[in-house]
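Comments concern the structure below.
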Amino acid sequence: MQAEAPLSPPPAPAIRALACPNCGGTVELRAAGYTVHVGCQYCGSILDATDGLVKLVTQAQTALAYPEIPLGTRGTLFDVEWEAIGYLQRSQNGAYRWDEYLLFNPYHGYRWLVNARGGWSFGTMLTRVPTMQTFSTYALDGQSYTRFFRGDAQVDRVVGEFYWRVTVGETVKTGDWVRPGFMLSREANDREISWTINQWLPERDVVAAFGVTPAARVWPPLPHQPSPWGAWLGKGAKIGGIALAFLLLVSLLLSGTRWLASEALPVAVDGREQSATIGPVHLVSRWQRVRVRTTVPRLENGWVDLDYSLVDRRNQQVYAASGAAERYEGVDSDGPWTEGSRDSDVSIAGVPAGDYDLIVEYKGNRWSQNDTAYPDGGWMEPTNAPQIVVELGTGTLYAGNFLLALLLIAFPWFVGLMLHLRFEKARKEQSDFAPAASGDGDD
């Protein structure tokens with residue numbers, strides 16, 4: 001039973017050596033004056049060290065325990081040097097075993113170093129009782145803890161010194177409440193109730209402090225182990241927000257078009273192919289997108305095929321694109337209808353600086369029914385003066401590029417979110433209670 005202990009005793013005296021009444025081995029007391037029971041590291045007997053005479057309490061356990069951290073080992077955690085003076089091997093009625101090391105510092109008192117499935121926690125005994133909020137939650141120092149485990153914990157092995165009368169087979173009722181990074185643990189028997197706050201420790205801290213052998217990945221996670229992706233998601237959201245704001249700013253700056261040339265071209269009413277050259281056009285940026293927009297003002301029930309060739313005057317390099325403007329209207333059983341557009345808008349990406357000519361090849365077409373002209377004569381009648389207006393400019397930004405950049409920014413965060421949800425699901429599935437369930441509070 002981890003009874004309440006003084007947290008800040010005065011400096012301990014020098015190590016005291018005792019002889020085990022069972023095997024004669026030398027037993028060292030590292031917290032002499034505070035130690036009540038001590039487990040002999042040679043034969044496993046439990047000794048009472050409360051007075052000048054060492055008394056045999058329990059003779060030779062069935063098997064000795066060999067702690068991973070040898071007693072007497074010193075290590076620094078949270079800027080305090082601790083010495084391992086006691087070791088308990090505990091379990092839930094023989095199953096789900098874990099190890100507890102009692103740490104001692106003459107100026108800071110006792111702490112617990114707990115190893116469960118390779119994951120480590122640093123335990124501090126509480127001198128106050130947490131506040132019960134609901135049947136399933138407790139509060140301590142303004143933080144809320146949700147119920148996670150309940151059961152019975154028994155002592156299976158004992159080595160070293162302890163500040164209470166510990167015995168093999170000792171059993172207590174336990175309850176655990178958690179929040180990421182911390183676990184609030186209660187132990188109770190028919191005499192008293194004690195509380196401990198356990199803080200999750202990264203394995204690297206324990207390896208550096210006590211030289212333990214690094215374990216394999218802890219999975220499923222400890223009940224109070226924080227998700228490694230949780231903090232990353234918060235930072236990622238901030239960085240992603242800044243990147244998104246930058247993208248929006250770039251979009252506003254680059255989405256406008258600076259028009260460099262414009263020309264109206266006649267359309268032959270006989271439907272023959274035509275060609276026209278617009279230029280020269282001077283492009284000043286090292287690389288740019290060139291936008292070509294063609295409008296057919298009187299287009300009805302017909303279309304115009306458009307082919308563009310942007311030719312570099314210096315080396316005759318050709319950048320080609322094509323488009324079409326088409327518009328139709330009519331009347332059916334549902335009433336009047338229209339479809340298509342009088343505009344054609346294309347862009348050519350990655351055009352280097354230089355002087356260019358834009359060659360436009362185009363052909364006007366009328367829509368016919370049953371191989372005859374459309375009843376209203378269509379748009380390609382001489383009286384309608386058919387023409388197209390071609391404009392060339394730079395500065396176009398594709399919306400698709402913005403969306404691609406947005407996806408590239410969001411993808412790592414989305415992957416992190418999936419990993420975080422998987423981690424939390426595995427952690428919560430170990431609980432004796434559903435995440436939103438209510439318990440009976442004090443069982």
| query | Restricting the search to region 143-181, which residues are buried (at least 18 other Cβ atoms within 10 Å of the Cβ), of a type in the set (S, T, Y) and within 26 Å of the chain's Cα centre (by Cα)? | reply | Y145, T146
| query | Given the conditions (1) polar (S, T, N, Q); (2) in contact with a Phe, Trp or Tyr (Cβ under 9 Å, 6 or more places away or on another chain); (3) surrounded by 17 or more Cβ atoms within 10 Å (Cβ to Cβ), which single one is not true for S275? | reply | (3)
| V281 passes all but one of (1) modelled with pLDDT of 90 or more; (2) of a type in the set (A, V, I, L, M); (3) within 30 Å of F402 (Cα to Cα); (4) open to solvent by 20 Å² or more (accessible area, probe 1.4 Å); which number fails? | (4)
| Those residues of region 89-104 which are open to solvent by 20 Å² or more (accessible area, probe 1.4 Å) and either on the phi < 0 side of the Ramachandran plot or modelled with pLDDT of 95 or more (or both), in sequence order | Q89, Q92, A95, R97, W98, D99
| remark: In region 177-210, anything part of a helix (DSSP H, G or I) and not basic (K, R) is listed as E203, D205, V206, V207, A208, A209, F210
| note | Of (1) modelled with pLDDT under 95; (2) charged (D, E, K, R); (3) open to solvent by 50 Å² or more (accessible area, probe 1.4 Å), E300 satisfies every one except (3)
| Has region 135-142 got any residue that is within 20 Å of G169 (Cα to Cα), modelled with pLDDT under 95 and open to solvent by 10 Å² or more (accessible area, probe 1.4 Å)? | no
| message | Can you find a residue that is modelled with pLDDT of 95 or more, under 53 Å from the mean Cα position of the chain (by Cα), hydrophobic (A, V, I, L, M, F, W, C) and open to solvent by 30 Å² or more (accessible area, probe 1.4 Å) anywhere in region 307-315? | response | no
| All positions within region 182-230 that are of a type in the set (G, A, S) and either more than 17 Å from W120 (Cβ to Cβ) or open to solvent by less than 50 Å² (accessible area, probe 1.4 Å) (or both) | S185, A188, S194, A209, A215, S227, G230
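The values are calculated or read from the model by the stated rules, or taken from the named source; none is laboratory data. All of these numbers come straight from a predicted model, not from anything done at the bench. Neighbour counts run over all protein chains shown; Cβ positions are idealised from the backbone, glycine included. These area figures cover heavy atoms from the full protein model, side chains too; ligands, DNA and RNA do not enter into them. Shrake-Rupley method; radii C 1.70, N 1.55, O 1.52, S 1.80 Å.
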